[in-house]
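Throughout, read-outs are computed from the coordinates displayed, never taken from laboratory work. Computed from a predicted model, the values in this text were never measured in an experiment. So basically every Cβ, Gly included, is an ideal-geometry build from the backbone, and we count neighbours across all protein chains shown.
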Amino acid sequence: NDALGSGRSVELFEADRLAEATWELSLHARIDEGLRNGEIWLAFQSQWDMRTSELCGAEALIRWNHPTRGPIAPDAFILQAERAGRIDALTYWVVDEAITATLALNSLDRHVQMSINLSAQMVDKPSLVANFAEIVRRRNIDPRLLTVEVTETSSVRNRPAAVQNLSQLRAMGFRLSIDDFGTGEASLAYLADLPSDELKLDRRFVSRLMTRDRERHIIRSTIDLAHALGQTVVAEGIEDEATYRALADMGCDVGQGYFLGKPQAFPEFYKVFLELGRRRFGVV
Ligand code: C2E
Ligand code: MG
Ligand code: MG
Ligand code: MG
């Protein structure tokens, strides 16, 4: 009977997985509708200057509140959007929405940087630079307020085209950031080939900082390496004060994580931003 029982649960499990996979595959068909009716929205997570303890920026993170399934993680639907050829629509919607937030945040004589994630399927597209140039012109925004985050990954099809695109964006004034540094296939090659302004330490390293010597050494060396290359270092995934302090001691420039602020809808983010005024974050 045991065998029968576990056999059936395996079958159910497989059926669940199939249903899940099928459902995920169908997501892309509803992207436009999701954008139109506000199911898809942007969350903003604060970034903090670790020397002055001031809020210095935000990362725009996409969210989807599905009417029947509830919140869907971006990793799941970004992948489907890429496969279905809908990533352009999603990306340019994010850029436009993030610019609206950036303009609001910078209208009060305070400087706030905005980071946007760029999918690996976007970076080598021939239309990328022209589209970004058009948005900047239309929205009349200084591109130096915008940071484009790219993840090191082998799924970039045309690497030389990607390097050229990103270099051109940088020449236009956009800041360029290497996201999730240390987790991809070509971390050091990326640094050599692609001039960039910022390096984001992946939270896998950050979360083990306090318990493992190896991660501590890797982080310390990476901060020194990035500084030698003239880059700013951002640590993502800071979940407690001890980690924040350790990173600050190692010379990390900017911090981001649940300890400092969770991703929030713009009205909530803006409220925190206003209340903060010139008041500084309390941990230093
Ligand atoms: P990412 O760019 O590395 O973003 C950081 C992720 O870490 C976010 O997950 C954020 O919510 C989460 N996070 C922040 N602080 C903490 C912390 O203290 N602890 C933990 N455990 N997690 C933390 P999220 O929002 O689920 O996004 C996941 C990934 O989806 C992002 O990773 C990014 O690669 C991608 N993504 C999000 N928005 C967009 C977008 O607009 N376009 C594209 N192409 N990709 C996006
Ligand atoms: Mg990112
Ligand atoms: Mg990241
Ligand atoms: Mg990540």
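Details
- Positive dipole terminus of region 64-171, leading residue within ALA171, VAL94, ALA104 (C-beta point charges): ALA171
- Measuring between their Cα centroids, region 51-111 and region 211-281 lie 19 Å from each other.
- Diffusion coefficient of the chain by Stokes-Einstein, Kirkwood radius over Cα pairs, 10 °C, 1.306 mPa s: 78 µm²/s.
- GluC sites (Glu not before Pro) within region 161-233: DSSP coil, no more than 12 neighbouring Cβ in 10 Å: GLU185
- Sequence-distant aspartates and glutamates (8 or more away, or on other chains) whose Cα lies within less than 20 Å of LYS125: GLU82, ASP88, ASP96, GLU134, GLU149, GLU152, ASP179, ASP193
- Lysines whose Cα lies under 20 Å from that of LYS271, excluding same-chain neighbours fewer than 8 positions away: LYS262
- Over the chain, relative contact order from alpha-carbon pairs under 8 Å, at least 6 apart, %: 19
- What you get for region 195-284, charging only the Cβ of Lys and Arg (+1) and of Asp and Glu (-1), is a dipole of about 160 debye around the Cα centre.
- Summarising the amide proton neighbourhood of ASP240: residues at separation of 5 or more, or on other chains, whose placed amide H is nearer than 5 Å comprise PHE259.
- Comparing mean-square fluctuations of ALA189, ALA15, ALA81 from a GNM of the chain with C-alpha springs under 10 Å, the top value falls on ALA15.
- Charged side chains reduced to their Cβ positions (Lys and Arg at +1, Asp and Glu at -1) give the chain a dipole of some 560 debye around its Cα centre.
- Distance between the pseudo-spin-label points of HIS227 and ASP75 (7 Å out from Cα toward the beta carbon): 3.2 nm.
- Point-charge dipole on Cβ atoms (K/R +1, D/E -1) for region 4-157, about Cα centre, debye to 20: 260
- Taking 0.36 nm per residue of sequence separation and removing the Cα-Cα distance, the ASP96/GLU39 pair yields an extension gain of 18.9 nm.
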